[in-house]
Amino acid sequence: GGSCSGLDFAGVTDVYSTFAAFMALNKETGQAQCWGGSWAGGSCNGLDFAGVTDVYSTGSAFMALNKETGQAQCWGHSGNGGSCSGLDFAGVTDVYSTFSAFMALN
């Protein structure tokens, strides 16, 4: 998971993890910090988490979903769920994960 020294966790509402990375999220502001192996989701710079309702993880990827709009962002290892651009998550009610994949149900 790497070192989190120097990170500010004030206002964090939720923490999520993969095999080698963490994400600390403030759902009220949409601000997040990720650390650990970038290949496992430890780098989320430039992503906007405003409106995110749920976060899911595989062994080396994260998925941040807004269930109200169906918008999602995935990052981390692309072969383990870290790539979901172009997919439509409108109407998704549940998301499940394994070590290497996500499954969304509507």
Amide H proximity to CYS84 below 5 Å, modelled H, separation 5+ or other chain, gives CYS74
Calculate the dipole size of the chain relative to its Cα centre from +1 charges on Lys and Arg beta carbons and -1 charges on Asp and Glu beta carbons; express the result in debye to the nearest 20. 200
Let me make sure I get this right: for the chain, a, b and c are the square roots of the gyration tensor eigenvalues over alpha carbons, sorted descending. Under 1.5 in a/c it's rounded, otherwise prolate if a/b > b/c, else oblate. Which is it? oblate
Counting Lys +1, Arg +1, Asp -1, Glu -1, what net charge surrounds LYS27 among other residues with beta carbon under 11 Å of its beta carbon? -3
The set of cysteines in the chain having no other cysteine's C-beta under 4.7 Å reads CYS4
Residue-normalised accessible area of the chain, expressed per residue, 1.4 Å probe, Å²: 53
Share of accessible surface on carbon and sulfur in the chain, whole %, 1.4 Å probe and ligands ignored, is 49
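The values are calculated or read from the model by the stated rules, or taken from the named source; none is laboratory data. This one's a predicted model, so the numbers in the text were calculated from it and none came from an experiment. So basically every Cβ, Gly included, is an ideal-geometry build from the backbone, and we count neighbours across all protein chains shown. Remember, those area values only see protein heavy atoms, side chains included, never the ligands or the DNA or RNA. Shrake-Rupley method; radii C 1.70, N 1.55, O 1.52, S 1.80 Å.
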